[in-house]
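Colleague: Provided herewith is a single structure, encoded as structure tokens, for subsequent inquiry.
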Amino acid sequence: MNYSSSVKPVFCPGCGDFGVHAALLRALTELNIDKSSVAIVSGIGCSSSMPHLFSTYGMHSLHGRPLPVATGMRLANSKLTVIVTTGDGDAYGIGSAHLLHVARRNVDITMIVMNNQIYGLTTGQASPTSLIGAKTVSTPFGDIEEPINPLAVALSAGATYVARGFSGDPMHAAELIKNGILHKGFALIDMLSPCVTFNTLNTYDWFRKRVYKLGADHDPSNFGKAIEKAMEPEATGWEKIPIGLFYQTKRPTYEELDVTTKNGPLIETPMPSSGDVEKALEIYK
Amino acid sequence: MADIVIRIAASNGDGVESSGSLLSKIAARSGLNAYYSRGYQSVIRGGHVWSQVRISDAQIYSQGDGIDILVALNQDAIDNQSGQLNSGAFVIYDTSKANADVLKGKGYKLVGMPLIELAVENAGDPIARNVVSIGALLKILGLDIKVFEKILSEMFLRKGQAVVDNNVKAANAGYNFAGIEKAYELKGDGKARYIINGNTALAIGAYASGCKFYAAYPMTPASTIMNWFAANENRGVVFKQTEDEIAAINMTIGAATAGVRAMCGTSGGGFSLMVEGLGLAGMTETPIVVVESQRTGPSTGLPTKTEQGDMLFVMHASQGEFPRIVVAPRSVDEAFYVAADAFNLAERYQCPVIILMDLFLSESSRTVDSFDFSKVKVDRGKIATAAGSERFKRYEITPDGVSPRSIPGTQGLEFIAASDEHDEYGDLVSDVLAGLEVSVETRRKMHEKRMRKVDTMLKNENVFVPHVDTEGADYYLVCFGSTTGAALEAAERLRAAGKKVGVISFNYLMPMDKEKTKMLLAGKKLIDVECNYTGQLAYLLAANAGIDIEHKILRYDGEPITAAYITEKANEIMLKW
Ligand SMILES: Cc1ncc(C[n+]2csc(CCOP(=O)(O)OP(=O)(O)O)c2C)c(N)n1
Ligand code: SF4
Ligand SMILES: [Mg+2]
């Protein structure tokens, strides 16, 4: 199945988001899901233009709001494969509250965050993942805020699939996305995706020196180890940045627990008859 | 004709709410008309609260004025409520909690009752004092205690026959208490009625029209809509409590995009957070219904008091321009039909529909003879189901401005909805194309296409005009939403006093059929009646119909406007005009 649209990417040449696009395209192609049952939802940002590159359903929504839109879609029709493509500002800044709550609800959404540690579309301000000392247009004297650790946040909020990829390795990233889509429940994939235009600190070279794949010895069912690995960049003064699957566990999804959606997609429940309405009104008599 | 206002007052946690709902239920079952409203505060225990039940054998449209019978369960109730007593009123007070000395010698009928003692004696539980006092009320009102006994047995059946018997005993102890005598002759017509509040009627109306998804963050006075959807999830609907109102409206947009009729609800504060989402629905042409139940503002204001201060806000909230429909139901039963209709309008014109309620309408219960389900018709608007040979144009430019939408899951009709300006396919014209000649043209055409839907709705729907209740009156009270009930009664009283007064009321406020509205209002002596300071409806009419209303009756103290309030002020105005 061809998942591409006729829309051409507008990323700057060399932007990390090209790699993420390639990875998502590959994951979908390998899974071969009917594209009419796929919805790709984004917020606002360079990275959030992603849905337009696909010939699936989807929505390019508001800055920070793709998760609630995606949740509404899943609750309305649990037959849809719902993927969120977003940026670090979108996901960890303005939309951070939604991340916590979708994770604890375990809604079956795969969220891919193109984390370039900068606000790309608004031309280079600091983001919640910018490192201390990072000089950006909004932090000309260097960022003084501790960056968010998205993996640790997602883990503690109850995400059931937590991974990190690197757009410099799209094959590996595609694997993480594919397994995230196959995973039943909320999957967060933080994608290190350099902004070659505005982030002069966290460049491809910078990442290549630091990124390494979690080995076969990492047990993704071990929550404690997952947290430990998630904290490794901070623990090593950003010398070592592991990528791969940090954690995966099984927990019923929100859709499987809700008294209505557990019986099947909401969109397929019948409209009430006038007898049903009368019954609903009965207790007010 | 008998028309009686009963107020039961105590402190929060004393059960005045259940007394009010029980008494109004008894009236409804007895075939009478009732209007039940509450006064309460933003505290869970303590404070001073009351339930007001107006009962009549004639049709009533509002909560009534003054108090004919006061049930005072503590001293505060005597002290705070005596100013509202009508002449010759009954005052029943709990002798263990209050004395009525201050009311002696003023022509009131004072009856002290040891309510708690009677409750303990008959039902073994002080909590039954409400049952005792209702028993007493039924005697005064001339109502059959059998109806109450039946309700008690339904209520307490689960707790066992002994509990039922005890409560029936308690009720009769009140009914037969020495000193309590029949004072009214209320005769029902034998037809049991519904007794239901505005929010519940709205929720069930939405459900009736196939609304399956409701998202909300708790906020008075919208919360009882949420309570209905939560309690009725097993009827094949989903209620989602969200982390905030931003999530609520965006989830609603997601669910509606996926093809389910979806609604969210809140009060002014939460609506403020929803504003950006409202624009998203406007831009992506997603049919959603948003309920805004107003309370006294600005900011947190008086969270448990009413106002009509958000009308212009909901009409203009959001950056940019897009079609929206704003409707303010005028009564509890109208809330049912308006909610059902809102989804048809939303889907027909693919735009947000805002149902503007207020605390008074949301939370007051009134008797409704029947609901006409045949009026609930489902029209889902233009939906594309079969793919053509070309790529699907979700935002196709059409003469009426409405483009067929497709539901995710339908093969060959995929599209990406965008909050950015887009072309007919949904592809952006906001990034690399912005400002190029071709996209300047696209933007213009897309904006015109969306805005054209306003003309289409005005042409195809007949609801966007006010309602005139009497022809040929000398004066007209002009109002919208819940104020209508009190205005209708005020006009009735003024007519009874020989003044020719009518009412022009608005429910569907936006868009407005300017020509017809102007025709209906022009050349008449108009008095604007609203629950706000600035006269927002008057402002709207000046802007839309060129009608300037000089005389206004405005109330903004948090209390609902009453027929007496309007009558008095209208008389003052008419005297000079
Ligand atoms: C409510 C709101 N505030 C601000 C903006 C402006 N804005 C657009 S994108 C963006 C930041 C994008 O950063 P990120 O999410 O990291 O995406 P990137 O461009 O880096 O891929 C901001 C602040 C907006 N569109 N909406
Ligand atoms: S500004 Fe940065 S993030 Fe945006 S497209 Fe260019 S390189 Fe990518
Ligand atoms: Mg970014």
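The values are calculated or read from the model by the stated rules, or taken from the named source; none is laboratory data. Bear in mind that the values here come from a model prediction, so they are computed numbers and not experimental data. Counting neighbours? That spans all protein chains shown, and the Cβs are built from the backbone with ideal geometry, glycine included. Ligands, DNA and RNA are stripped out before the accessible areas are found, and what is left, the full protein with its side chains, is counted by its heavy atoms. Shrake-Rupley method; radii C 1.70, N 1.55, O 1.52, S 1.80 Å.
Colleague: Against the longest principal axis of chain B, how steep is helix B:268-284, in degrees 0 to 90 to the nearest 10, with axes from Cα atoms?
Modeller: Helix B:268-284 sits roughly 30 degrees off the main axis of chain B.
Colleague: Another question about this same structure. Based on the Cβ-Cβ distance of B:Met519 and B:Leu302, what FRET efficiency does E = 1/(1 + (r/R0)^6) give at R0 = 41 Å, to the nearest 0.05? Before the final figure, lay out each step's value.
Modeller: Values: r = 38 Å, r/R0 = 0.94.
The calculated FRET efficiency here is 0.60.
Colleague: Could you pull out the GluC sites (Glu not before Pro) across region B:361-430 that fall in loop regions by DSSP (anything but H, G, I, E, B) with no more than 12 other Cβ atoms inside 10 Å? Can you show the working numbers first?
Modeller: On the way: sites: B:Glu363, B:Glu390, B:Glu396, B:Glu414, B:Glu421, B:Glu424; in loops: B:Glu390, B:Glu396, B:Glu414, B:Glu421, B:Glu424.
Sparse-neighbourhood loop GluC sites (Glu not before Pro): B:Glu390.
Colleague: Whenever you get a sec, line up B:Tyr533, B:Tyr175 from highest to lowest accessible area (probe 1.4 Å, protein heavy atoms).
Modeller: B:Tyr533, B:Tyr175
Colleague: Shifting gears a bit: Would you kindly derive the ³J(HN,Hα) couplings of region B:226-236 from the backbone phi angles with the Karplus curve 6.51 cos²θ - 1.76 cosθ + 1.60 (θ = phi - 60°), listing them in order in whole Hz, with x for Gly and Pro?
Modeller: My calculation for region B:226-236 gives 4, 4, 5, 5, 5, 6, 10, 4, 6, 8, x Hz in order.
Colleague: Would you rank B:Met155, B:Met510 by solvent-accessible area, highest first, keeping every protein chain in place and using a 1.4 Å probe? Please list the in-between numbers first.
Modeller: Values: B:Met155 90, B:Met510 45 Å².
Output order, biggest surface exposure first: B:Met155, B:Met510.
Colleague: Then there is this: Using θ = phi - 60° and the Karplus form 6.51 cos²θ - 1.76 cosθ + 1.60, what ³J(HN,Hα) does each residue of region B:445-457 get, whole Hz, x for Gly and Pro?
Modeller: Along region B:445-457, the couplings run 5, 5, 5, 5, 4, 5, 5, 4, 4, 5, 4, 4, 5 Hz.
Colleague: So if a site counts as exposed when it's one of the trypsin sites (Lys or Arg not before Pro), its DSSP state isn't H, G, I, E or B, and it has at most 10 other Cβ atoms within 10 Å, what's the longest stretch of chain B without one?
Modeller: Details: sites that count: B:Arg45, B:Lys104, B:Lys377, B:Lys576.
With a cap of 10 other Cβ atoms within 10 Å, the longest stretch comes to B:105-376.
Colleague: Follow-up question, since we're still on this one. Determine the shielding of peptide B:235-242 by partner chains: average, over its residues, the number of Cβ atoms on other chains within 10 angstrom of each Cβ.
Modeller: Working: counts 8, 10, 5, 10, 4, 7, 0, 6.
Averaged over the peptide's residues, the number is 6.
Colleague: Roughly what percent of Cα-Cα pairs across the protein assembly as shown reach past 42 Å? Spell out each step's value before the answer.
Modeller: Values: 155166 of 371091 pairs.
Across the protein assembly as shown, Cα pairs with separations above 42 Å total 42 percent.
Colleague: How far, in degrees from 0 to 90, does helix A:17-31 lean away from the longest principal axis of the Cα atoms of chain A, to the nearest 10?
Modeller: Rounded to the nearest ten degrees, it is 40.
Colleague: Could you tell me the extents of region A:17-284's C-alpha atoms along the three principal axes, largest first, rounded to whole Å?
Modeller: In descending order, the Cα extents are 67, 41, 38 Å.
Colleague: Between the alpha-carbon centers of region B:269-298 and region B:371-449, tell me the distance in whole angstrom.
Modeller: Using only Cα atoms, the two centres lie 21 Å from each other.
Colleague: I'd like the GluC sites (Glu not before Pro) in region A:185-285 restricted to DSSP loop residues with at most 12 other Cβ atoms within 10 Å, sorted by number.
Modeller: Values: sites: A:Glu228, A:Glu234, A:Glu239, A:Glu255, A:Glu256, A:Glu268, A:Glu278, A:Glu282; in loops: A:Glu239.
Filter output for region A:185-285: A:Glu239.
Colleague: Tell me, in nm to one decimal, what length is gained between A:Arg251 and A:Glu145 on full extension, where the rule is 0.36 nm per residue of separation less the Cα-Cα distance?
Modeller: Numbers: separation 106, 0.36 × 106 = 38.16 nm, distance 3.42 nm.
Fully extending the segment from A:Arg251 to A:Glu145 adds 34.7 nm.
Colleague: In the protein assembly as shown, if the dipole is taken from +1 on Lys/Arg beta carbons and -1 on Asp/Glu beta carbons about the Cα centre, which of A:Ala39, A:Leu266, A:Ala174 is farthest to the positive end?
Modeller: A:Leu266
Colleague: Now, a different point. Can you tell me the convex hull volume per residue for region B:48-140, based on C-alpha atoms, in Å³ to the nearest whole number?
Modeller: Working: hull volume 9.9 nm³, N = 93.
Spelled out: Cα convex hull of region B:48-140, divided by residues, is 107 Å³.
Colleague: Quick check on my link table: of A:Lys250/A:Lys279; A:Lys262/B:Lys375; A:Lys8/B:Lys453; A:Lys8/B:Lys445; B:Lys518/B:Lys569, which ones sit more than 28 Å apart, alpha carbon to alpha carbon?
Modeller: Working: A:Lys250/A:Lys279 39 Å; A:Lys262/B:Lys375 32 Å; A:Lys8/B:Lys453 32 Å; A:Lys8/B:Lys445 23 Å; B:Lys518/B:Lys569 25 Å.
Where the Cα-Cα span goes over 28 Å, the pairs concerned are A:Lys250/A:Lys279; A:Lys262/B:Lys375; A:Lys8/B:Lys453.
Colleague: Roughly how many percent of the accessible protein surface of chain B is carbon and sulfur, given a 1.4 Å probe and a whole-percent answer?
Modeller: Percent of accessible area from carbon and sulfur atoms in chain B: 50.
Colleague: I've got another one for you. Using the Cα centre as the reference, give the magnitude of the dipole from point charges on the C-beta atoms of chain A (Lys, Arg: +1; Asp, Glu: -1; all else neutral), rounded to the nearest 20 debye. Present the calculation step by step, with values, prior to reporting the outcome.
Modeller: Working: 24 positive and 26 negative charges, 52 e Å.
With only Lys, Arg, Asp and Glu charged at Cβ, the dipole is about 260 debye.
Colleague: Leaving ligands, DNA and RNA out of it, work out the accessible area of A:Cys15 with a 1.4 Å probe and give it in Å² to the nearest 10.
Modeller: Rounded to the nearest 10, that gives 20 Å².
Colleague: Taking Cα atoms, how many degrees apart are the long axis of helix A:96-105 and the longest axis of chain A, rounded to 10 and kept between 0 and 90?
Modeller: Approximately 50 degrees, to the nearest ten.
Colleague: If you don't mind, another one. May I ask you to evaluate 6.51 cos²θ - 1.76 cosθ + 1.60, the Karplus curve with θ = phi - 60°, for each residue of region B:533-545 and list the ³J(HN,Hα) values in order in whole Hz, giving x for glycine and proline?
Modeller: 8, 9, x, 5, 5, 4, 4, 4, 6, 5, 6, 9, 10
Colleague: Can I ask one more? Could you give the nm distance between label points at A:Glu234 and A:Ser156, where each point is 7 Å from its Cα heading toward the beta carbon?
Modeller: A separation of 0.7 nm, rounded to one decimal place.
Colleague: Take the eigenvalues of the Cα gyration tensor for region B:356-515, scale each by 5, and report the square roots as semi-axes in whole Å, largest first.
Modeller: Details: eigenvalues 420, 82, 40 Å².
In descending order, the three semi-axes are 46, 20, 14 Å.
Colleague: As a test of the definition: with a 1.4 Å probe, what buried accessible area, both sides summed, do you compute for A against B, in Å² to the nearest 100? Walk me through the intermediate numbers first.
Modeller: Values: alone 13370 and 23530 Å², together 31950 Å².
That pair of chains buries around 4900 Å² in total.
Colleague: Turning to a different aspect of this structure: Regarding region B:152-195, what's the average projected area of the Cα-atom convex hull, expressed in nm²?
Modeller: Numbers: hull surface 18.5 nm².
That works out to 4.6 nm².
Colleague: With only Lys, Arg, Asp and Glu charged, each at its Cβ (+1 for the first two, -1 for the last two), find how big the charge dipole of the protein assembly as shown is about the Cα centre; round to the nearest 20 debye. Before the final figure, lay out the partial values.
Modeller: Details: 84 positive and 95 negative charges, 214 e Å.
I would put it at about 1020 debye.
Colleague: Please get the size of the charge dipole for chain B, origin at its Cα centre, with Cβ charges of +1 on Lys and Arg and -1 on Asp and Glu, quoted in debye to the nearest 20.
Modeller: On the way: 60 positive and 69 negative charges, 236 e Å.
With only Lys, Arg, Asp and Glu charged at Cβ, the dipole is about 1140 debye.
Colleague: Of B:Ser370, B:Val338, B:Ile288, whose Cα points farthest to the positive end of the dipole of region B:196-375 (charges on the beta-carbon: +1 Lys, Arg; -1 Asp, Glu; origin at the Cα centre)?
Modeller: After comparing all options, I get B:Ser370.
Colleague: With a 1.4 Å probe and every protein chain left in place, work out the accessible area per residue of chain A in Å², rounded to a whole number.
Modeller: Numbers: 10820 Å² over 285 residues.
Accessible surface, normalised per residue, equals 38 Å².
Colleague: List the lysines whose Cα lies under 26 Å from the Cα of A:Lys135, skipping any in the same chain that are fewer than 8 positions away.
Modeller: Output for A:Lys135: A:Lys209, A:Lys240.
Colleague: While we're looking at this one, here's another question. Mind scanning B:Lys25/B:Lys377; A:Lys35/A:Lys178; B:Lys25/B:Lys109; B:Lys524/B:Lys576 and naming the pairs with a C-alpha gap bigger than 23 Å?
Modeller: B:Lys25/B:Lys377; B:Lys25/B:Lys109
Colleague: Leaving out ligands and nucleic acids, and using a 1.4 Å probe, what accessible area per residue does region B:3-186 come to in Å²? Provide the component values of the computation, followed by the final result.
Modeller: Values: 7250 Å² over 184 residues.
I get 39 Å² per residue for this part.
Colleague: Please state, as a whole number in µm²/s, the translational diffusion coefficient that the Stokes-Einstein equation yields for chain B at 10 °C and 1.306 mPa s, with Rh defined as the Kirkwood radius across alpha carbon pairs. Working shown, then result.
Modeller: Details: Rh = 25.5 Å.
Rounded, D is 62 µm²/s.
Colleague: On a 1.4 Å probe surface of the protein chains, which of B:Tyr207, B:Tyr337, B:Tyr217 comes out largest in accessible area, and what is the full order?
Modeller: B:Tyr217, B:Tyr337, B:Tyr207
Colleague: In terms of the Cα gyration tensor, with a ≥ b ≥ c the square roots of its eigenvalues, is region B:196-375 rounded because a/c is under 1.5, prolate because a/b exceeds b/c, or oblate?
Modeller: Numbers: a/c = 1.36, a/b = 1.07, b/c = 1.28.
It is rounded, given that a/c, with a ≥ b ≥ c, falls under 1.5.
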